[in-house]
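Any read-out appearing in this document is the output of simple, stated calculations on the displayed coordinates, not a laboratory observation. For clarity, every value in this text was computed on a predicted model and none was experimentally measured. Backbone-built Cβ (ideal geometry, glycine too); neighbour counts: all protein chains shown.
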Amino acid sequence: MEIRPLKSFGIEVIGVDLSHTQDPEAVAYMHQLWADNGLLLFRNQRLEECEVIRFSRLFGELEIHVREEYLSPNHPELLIVSNVKKNGKPIGILSDHEVGWHHDQIYLPRPAVGSLLYSVKIPDSGGNTAFCDQAGAYEALPVSKKRELEGVRAVHSYEYFNRQWSEPTSEMQKKRTPDVTHPLVRTHPISGRQAIYADPGMTSGIEGMNKADGHAFLNELYDWCLQPQFLYEHKWRLGDAVMWDNASTMHRRGEFDPNAERIMKRTTILPPPQMAVPI
């Protein structure tokens with residue numbers, strides 16, 4: 001196993017076949033790499049759905065996503081992200097449009113610790129995924145700003161995200177995903193790094209602030225986080241598997257040609273109960 005730094009942050013892990021059973025020493029090493037770097041890239045993978053799930057489970061329990069209409073028919077742990085339609089109906093979520101900055105499952109009381117996204121079919125251009133290093137952004141903040149963030153809690157809403165970037169949720173799905181609050185700064189239990197935990201897509205406000213003041217407070221943070229030195233944009237190749245740490249990164253997807261087909265499969269990794277909020 002070799003590692004190579006990506007631009008800005010994250011690493012490529014070379015020489016690992018995720019379809020094979022991983023020995024405990026290698027798994028422990030990948031856990032540490034993931035915690036320390038926030039983003040892992042594995043290229044040239046050929047994975048069956050069950051193999052994506054098996055590898056993902058090495059890092060935690062897997063979530064069954066609330067959008068049940070977009071889950072794999074055979075493996076509900078897998079969420080299909082695609083613009084492909086079958087019999088006139090989309091097989092996956094998020095289609096071909098731009099999807100703004102967000103964290104996966106930040107809207108849950110026990111939010112995802114991470115995600116793995118595997119490319120099955122990709123367009124010739126477009127559909128890149130950009131990642132923001134919110135741990136690096138926090139570390140670069142002036143001490144006075146860090147003090148200002150202490151004790152602040154942000155409000156997160158899945159419905160807020162869907163109104164901007166996705167399809168409307170059903171009444172049942174709304175009931176399963178009520179708004180939640182989490183600390184604005186989270187500490188990673190393994191690396192000890194602190195990170196800003198809010199995003200433009202799913203964070204609807206700041207607890208105790210009116211809407212205008214909360215948005216102004218958050219927008220100032222986003223402007224800081226989205227500086228080039230904290231960003232990595234991934235241009236997908238067939239067989240790429242990317243894992244990101246939701247405690248320290250947010251991500252977005254660029255649009256692509258609606259006539260081109262894109263099929264991705266994602267697992268969502270939940271933290272053990274003792275590592276639930278804050279993490």
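General observations
- Segment N210-K235, length gained on full extension (0.36 nm per residue, minus Cα span): 5.1 nm
- Ranking F256, F161, V185 by Cα position along the charge dipole of the chain, where only Lys, Arg, Asp and Glu carry charges on their C-beta atoms, puts F161 farthest toward the positive end.
- The shape of the range 2-272 can be summarised by an equivalent ellipsoid whose semi-axes, obtained from the alpha carbon gyration tensor, come to 28, 23, 18 Å from longest to shortest.
- Relative to its Kirkwood radius, the Cα radius of gyration of the range 40-136 gives an Rg/Rh of 0.94.
- Shape of the range 166-217 from the C-alpha gyration tensor: oblate (a/c of 1.5 or more and a/b not above b/c, with a ≥ b ≥ c the square roots of its eigenvalues).
- Here the 3J(HN,Hα) profile of the range 246-254, calculated from phi with Karplus coefficients 6.51, -1.76 and 1.60 at θ = phi - 60°, is 6, 6, 10, 9, 10, 8, 9, 10, x Hz, Gly and Pro shown as x.
- Percent RCO, i.e. relative contact order, over the range 2-272, from Cα pairs under 8 Å lying at least 6 residues apart: 35 percent
- Positive contributions from Lys and Arg (+1) and negative ones from Asp and Glu (-1), summed over other residues with Cβ under 12 Å from the Cβ of Y222, come out at -2.
- Under 9 Å, Cβ to Cβ, from Y107 - net charge with Lys/Arg +1 and Asp/Glu -1: -2
- Note, ³J(HN,Hα) from phi for the range 144-157, Karplus 6.51, -1.76, 1.60, rounded to Hz, x at Gly and Pro: 4, 6, 4, 5, 5, 7, 4, x, 6, 10, 9, 9, 10, 9
- In this structure the amide hydrogen of E98, modeled in the peptide plane, comes within under 5 Å of the amide hydrogens of E255, none closer than 5 places in sequence on its chain.
- Backbone phi angles across the range 60-68, fed through the Karplus curve with coefficients 6.51, -1.76 and 1.60 (θ = phi - 60°), yield HN-Hα couplings of x, 5, 9, 7, 9, 5, 5, 7, 4 Hz in residue order; Gly and Pro are listed as x.
- Other residues lying with their Cβ under 12 Å from the Cβ of A260 contribute a combined charge of -3, Lys and Arg counting +1, Asp and Glu -1.
- Estimated [θ] at 222 nm from DSSP helical runs (n ≥ 4, -39500 (n - 2.57)) normalised by residues in the chain, nearest 500: -6500 deg cm²/dmol
- 28 Å Cα-Cα reach of K175 towards lysines, excluding residues that sit fewer than 8 places from it in its own chain: K85, K89, K211, K265
- Scanning residues 5 or more positions from I14 or on other chains, those with amide H under 5 Å from its amide H are E2, I3, R4, with H placed 1.01 Å from N in the peptide plane.
- Under the criterion of Cα pairs below 8 Å and six or more residues apart, the relative contact order for the range 44-166 equals 16 percent.
- Electrostatic dipole magnitude of the chain [Cβ: Lys, Arg +1; Asp, Glu -1; Cα centre; debye, to 20]: 240 debye
- Cα gyration tensor shape for the range 55-110, rounded if a/c is under 1.5, else prolate or oblate: oblate
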